[in-house]
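Since every read-out is calculated from the coordinates, none of them should be taken as a lab result. What you see is a predicted model; the values in this text were computed from it and never measured. Backbone-built Cβ (ideal geometry, glycine too); neighbour counts: all protein chains shown.
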Amino acid sequence: MNEKISPLIEELKNLTLLEAADLVTAIEETFNVDASAGGGVMMMGTTTSPSEDAKPTEEKTEFDISLDEVPKDKKISILKVVRTVTQLGLKEAKEVVENTPKIVKEGLLKEAAEEAKTLLEEAGAVVTLK
């Protein structure tokens, strides 16, 4: 054993049960470890509080499609896709295409939003999911 460890072990042998419990508590607080895990083996603690660990990360399930840019030379093809995605009439779809950035459709499931985004991008639009 190491020269520093041997005297410490001898000192620990002379501790009462109450003193040993106090020592464990002091070590846990000082070094941010948990002595109860792994059958007495000290494990490094996390730096997050228990309340932060308990919060599940919520995955977004509904998306809005934002039409950000419409190049002039792609306007007609994008207009056709907007009509298909939104079921809007010609006049309403034209207003959407001409007034970017604009939310095209709200509350879509992930797959439907990604599919609509792909269709609009293939037509030449710049689109983001929000």
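Need the full-extension length gain, Leu17 to Glu115, defined as separation in residues times 0.36 nm minus the C-alpha distance. One decimal, nm.
Working: separation 98, 0.36 × 98 = 35.28 nm, distance 6.59 nm.
That works out to 28.7 nm of additional length.
One decimal place: the segment Glu59-Lys130 gains 24.3 nm when fully extended, by the rule 0.36 nm per residue minus the C-alpha distance.
Modelled label positions at Glu106 and Ile27, each set 7 Å beyond Cα in the direction of Cβ, lie 5.8 nm from each other.
A protection proxy built from the mean count of other Cβ atoms within 10 Å ranks the segments 29-35, 100-106, 122-128, 77-83, most packed first, as 77-83, 122-128, 100-106, 29-35. Put simply, the amide H of Lys105, placed in the peptide plane, has neighbours under 5 Å in Ile65, leaving out anything fewer than 5 places away on its chain. Over region 62-129, Cα pairs under 8 Å with separation of 6+ residues give a relative contact order of 56 percent. In terms of distances greater than 22 angstrom between alpha carbons, the cross-link table entries Lys110/Lys130; Lys72/Lys130; Lys60/Lys91 yield Lys72/Lys130; Lys60/Lys91. A simple rule links phi to the HN-Hα coupling: the Karplus curve 6.51 cos²θ - 1.76 cosθ + 1.60 with θ = phi - 60°, which for region 103-115 gives 6, 7, 8, 10, x, 7, 5, 3, 5, 5, 5, 5, 5 Hz, with x for Gly and Pro. Distance between the 7 Å Cα→Cβ label points at Lys94 and Lys80: 1.7 nm.
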